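This report concerns only the one structure given below.
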Amino acid sequence: MRKAIVHGLVFVMALAALGIAGIVYVLWTFGRDLPDYRQLATYEPPTVTRVHAGDGRLLAEYAAEKRVFVPIEAIPKRVIKAFLGAEDKNFYSHPGVDFLGVVRATIQNLVNLTAGRRLVGASTITQQVAKNFLLTGELSLERKIKEAILAFRMEHALTKNRILELYLNEIYLGLGSYGVAAAALNYFNKSLDELTIAEAAYLAALPKAPNRYHPIRGHAAAVERRDWVITRMLAEGFVTADEAAEARAAPLIMHTRDETEFVNADFFAEEVRRELLARYGEDGVYGGGLSVRTTLDPRLQEIADQVLRRGLIRYDRRHGWRGPIARLEIGFDWPAQLASVPPPDLGGWRLAVVLVLDSAKAEIGFADGRRGYVPFAELAWARPWREGQEVGPPVGRPGDVLKLGDVVAVEPVQAAEDGAVYAPDAYGLRQIPEVNGALVALDPHTGRVLAMVGGYSFQVSQFNRATQALRQPGSAFKPFVYLAALDNGFTPSSLVLDGPFVIDQGPGLGKWKPTNYTRKFYGPNPMRVGLEKSRNLMTVRIAQYIGIDKVADYAERFGVVDELPRRLSMALGAAETTLVRLTTAYAMLVNGGKRITPTLIDRIQDRHGRTIFRHDDRPCESCRVAVWDNQSAPSIPDLRERLVDPATAYQVVSLLQGVIERGTGWKVRAVGKPIAGKTGTTNDNMDTWFIGFSPDLAVGVFVGFDAPRSLGGRETGASVASPIFRDFMVEALAGEPAIPFRIPPGIRLVRVNAETGLLAQPGDTNIILEAFRPGTEPTAPGPVIDGSGVIAVGAAPATGTGGLY
């Protein structure tokens, strides 16, 4: 008997030893090379990066997974209890693996196998975190063992609350929802603290199979699973019997999430995205949970979008009708045919097909079967387009423009241009412009970009013509020639000859003979007139006199270009630049000659609210006080680099104000407030510009074809770009006081004759106030800068521009 007991004890000990050895073997074999679970202590789930406009409204969201991270302390107990009841009732007591749950699941699965029912699992929340974060989702015994080992280790390294926080923020719950906060919004359009017991129970029912328990497609199964979770919550004492009964009785109704309101600024948002990618990389942008406050002013952005589109359409209509978008064979199924036509970006326009033509109108139909008509008056503009941006003969009847089956863009209209009211269902013929352009508006004192439009349609082309298009600025470059001259001994009244000018470019290269836009010569004129009237010959003579090196120095100093070729033709704007760079350069004239850097971003904060970037980096400790206690306002230093004497900068501002009052920018006078600026047109009228400013707002406009070609023989910066600038300024400055340009110390305003530049005399009529440095006022007619008329052989060849305006 005793011998049998001894043998039994030996056998049990041997089994125990084998069991221990087996456990050690399993732990050693499967525990090697497991992922480092300690990284979860500092793990931060990928969350949405949000970009906001300057007024706080949402501009864009960037995320690989749409997740809203919520700390465990902020997750309502109701939601936590629902998930614990459904997924892991012993979570706060087990060591990572629920052994009782494993035994219970094993017995249940034996029963289920015999009954043909689905098998149940026994993974704890800790094991699910281990699988989701550190392992693959393969179904294998090896993975389950590794999952259990990691769960044990995690329980020793992380708190229970940290594990639960990771789980509730990481788990996928369907409808693109990562985490419980995103799911609450997507399923019920609620925040977590607004969820009812029934809704929280439904979310807790989803982890096993979110598609199977879809509230609409799988409604019966979803309700059954939700009620099962409510039963588990009741069994665990998380809810009362009355609360459980009320929750089971509640209907399962999905409420679509409210559409997020975004500020519409696609080109601006894309430029911000590019900058964020350059700073933080793809992971930082699409998972970093950044909060980005941009410089965008939504009101100015909306104005910019509208006036640029209007201006491009206005130009396009002047140059004729290029034909329909598509053509259909008209039959009984024309609505279906029309619906199958790929729609271009029409904005607020509609796609229609021509059904009937007569002498007074064109009857049209829409994809929904409705009909309308285009009166002849709304077709009269559509003369046929001709090569070189010319137009054909006038339109005599609708059939001259349209044919049956033509698919065209139309817009509802109520009255003709003469005020005649149309009958209902009248439409105007529209055409998507081929020409493109850009507009940028910025604060000249800080460089904050307030509005940016990079083209007619972001959907058609994401190419940003404000920041990416390198084009010749033409005469819009001239202010920097005059700036260099004024800073090197010239005055606004200095006389410059407007006469023939020839450069011998060397053997075999011929002669460069720049001309004025008008092809005329005007003799000696004050320097002011040269800029106001955009005289090429005067500008070239000034550049020759002071030297192209000085012109290049100022152009590079103001950031127009990085390096200006040392050729005299560069004085007429032959070097390519971007709209943003040129507008920023003009802004540094009106701010008194101080350097600014254009920026689209004011501040960036990380997911914890820490500021990691700020555009305005001036020190100001007293700005950080929490409350105001009658202390004096903080004094913030001005750290901007001075590029030029403010008196010289003001003299150029004054010249540019004259461009509006007496020169090529005369259309901008309609703004009715102090404005300065300059037109620009390049050879063959390929590129048109207007860059200008008020005392506190700098704006640039560019218009041209993406593949450079002439805009037409009579199209210039004055006819194409300046009306867009004017329309923007009229709306942007509406309701604002008329602020004069600020005059710095070192400037005397003297009455002079605008035609001669000399001091005003009795009887003079064309008198202006001219800005001089003290002691430089003209007391008598001065010398005329005329040059020799010919530059010797060996001078650098002149390339590029000839006649600019």
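The values are calculated or read from the model by the stated rules, or taken from the named source; none is laboratory data. Since this is a predicted model, take the numbers as computed values, not measurements. Every residue, glycine as well, gets a Cβ built from its backbone with ideal geometry; the counts of neighbours run over all protein chains shown. Ligands, DNA and RNA are stripped out before the accessible areas are found, and what is left, the full protein with its side chains, is counted by its heavy atoms. Shrake-Rupley method; radii C 1.70, N 1.55, O 1.52, S 1.80 Å.
With every protein chain in place, what's the accessible area of residue 661 (1.4 Å probe, Å², nearest 10)?
Taking all protein chains as shown, residue 661 has close to 90 Å².
Sort 321, 628 by heavy-atom solvent-accessible area, probe 1.4 angstrom, most to least.
628, 321
For the chain, calculate the relative contact order in percent as a whole number, restricting contacts to Cα pairs under 8 Å that are 6 or more residues apart. If you can, show how the numbers build up before the last one.
Details: 1555 pairs, mean separation 95.2, N = 805.
Across the chain, relative contact order equals 12 percent.
Do any GluC sites (Glu not before Pro) in the range 341-398 lie in a loop, going by DSSP, with at most 12 other beta-carbon atoms within 10 Å of their beta carbon, and if so which?
Hits after loop and neighbour filter: 387.
On full extension of the chain, what length is gained from residue 368 through residue 209, given 0.36 nm per residue of separation minus the C-alpha to C-alpha distance? Could you put the intermediate results ahead of the total?
Numbers: separation 159, 0.36 × 159 = 57.24 nm, distance 3.96 nm.
Answer, rounded to one decimal: 53.3 nm.
At what distance in nm do the modelled label points of residue 282 and residue 605 sit from each other, each positioned 7 Å from its Cα along Cα→Cβ?
Each label point is offset 7 Å from its Cα along the Cβ direction, giving 2.9 nm.
With 23 Å as the limit, write out which pairs from 66/160; 89/208; 81/160; 81/208; 66/208 have Cα-Cα distances beyond it, or answer none.
66/160
Please state the Cα pair-distance histogram of the range 479-631 with 5 angstrom bins from zero: what percent is in each bin?
1, 8, 14, 15, 15, 11, 8, 6, 5, 5, 5, 4, 2, 1, 0, 0
Measuring from the lowest to the highest alpha carbon on each principal axis, how far does the range 693-768 reach, largest first, in angstroms?
Rounded to whole Å, the extents work out to 53, 34, 23 Å.
Calculate, for residue 386 and residue 769, the FRET efficiency according to 1/(1 + (r/R0)^6) with r their C-beta to C-beta distance and R0 41 Å; round to the nearest 0.05. Present the calculation step by step, with values, prior to reporting the outcome.
Numbers: r = 48 Å, r/R0 = 1.16.
It comes to 0.30.
Based on C-alpha coordinates, I'd like the Rg and Dmax of the range 351-471, in Å.
So, for the range 351-471, Rg and Dmax equal 19.0, 59 Å respectively.
Kindly report the accessible area of the chain per residue (heavy atoms of protein chains, probe 1.4 Å, no ligands, DNA or RNA), in Å². Provide the component values of the computation, followed by the final result.
Values: 37140 Å² over 805 residues.
Spelled out: the 1.4 Å probe surface of the chain, per residue, equals 46 Å².
Please compute the contact order of the range 137-271 in relative form: average sequence separation of alpha-carbon pairs under 8 Å and at least six residues apart, divided by the residue count, as a percent.
The normalised contact order for the range 137-271 reaches 20 percent.
Roughly how many Å² of residue 303 are accessible to a 1.4 Å probe, to the nearest 10?
10
The range 281-327: Rg/Rh from Cα coordinates, Kirkwood Rh?
1.31
On C-alpha positions alone, give me the angle between the axis of helix 646-662 and the longest principal axis of the chain, in degrees, nearest 10.
The answer is roughly 70 degrees.
Determine, from the Cβ-Cβ distance of residue 556 and residue 638 and an R0 of 22 Å, the FRET efficiency 1/(1 + (r/R0)^6), rounded to the nearest 0.05. Walk me through the intermediate numbers first.
Values: r = 23 Å, r/R0 = 1.05.
For residue 556 and residue 638, the calculated efficiency is 0.45.
Where the centre of each part is set by its Cα atoms, how far does the range 422-472 sit from the range 719-734, in angstrom?
Here the answer is 13 Å between Cα centres.
Give the residue list of trypsin sites (Lys or Arg not before Pro) in the range 201-262 that are DSSP loop and have at most 12 other beta-carbon atoms within 10 angstrom.
217
Based on the Cβ-Cβ distance from residue 730 to residue 248, what FRET efficiency comes out when R0 is 51 Å, to the nearest 0.05? Display every interim value, and only then the final one.
Details: r = 63 Å, r/R0 = 1.24.
Computed FRET efficiency for residue 730 and residue 248 comes out at 0.20.
Would you mind calculating the gained length between residue 228 and residue 92 on full extension (0.36 nm times residue separation, minus the Cα-Cα distance), in nm to one decimal?
Additional length available on full extension: 46.8 nm.
Heavy atoms only, 1.4 Å probe, whole protein assembly: order 385, 512, 666 by accessible area, highest first.
Result of the area sort, largest leading: 666, 385, 512.
Whenever you get a sec, line up 784, 413 from highest to lowest accessible area (probe 1.4 Å, protein heavy atoms).
Output order, biggest surface exposure first: 784, 413.
Could you calculate the contour length gain from residue 257 to residue 513, that is, 0.36 nm times the residue separation minus the distance between their Cα atoms, to one decimal place in nm? Each step should come with its number before you reach the end.
Values: separation 256, 0.36 × 256 = 92.16 nm, distance 6.68 nm.
Result for the pair: 85.5 nm of gain on full extension.
Hey, any idea what % of the chain's accessible area is carbon plus sulfur with a 1.4 Å probe?
On the chain, the fraction of accessible area on carbon and sulfur atoms equals 55 percent.
Return the inverse of the average 1/r over all pairs of distinct C-alpha atoms in the chain, which is the Kirkwood hydrodynamic radius, in Å to one decimal. The partial results should precede the final answer.
Values: mean 1/r = 0.0306 Å⁻¹.
Here the Kirkwood hydrodynamic radius works out to 32.7 Å.
Ignoring ligands and nucleic acids, what accessible area does residue 632 show with a 1.4 Å probe (Å², nearest 10)?
100
Please identify the GluC sites (Glu not before Pro) of the range 548-634 that satisfy two criteria: DSSP loop assignment and at most 11 other Cβ atoms within 10 Å. Which are they?
Listed in order of number, the matching sites are 563.
Could you work out the helix-only [θ] at 222 nm for the chain, with each DSSP H run of four or more residues adding -39,500 (n - 2.57) and the total divided by the number of residues, to the nearest 500 deg cm²/dmol?
Numbers: 20 runs with 265 residues, N = 805.
Calculated from helices alone, the mean residue ellipticity at 222 nm is -10500 deg cm²/dmol.
Let me check against my output: what whole-number percent is the relative contact order of the range 285-380, with C-alpha pairs under 8 Å and at least 6 apart?
This gives 15 percent for the range 285-380.
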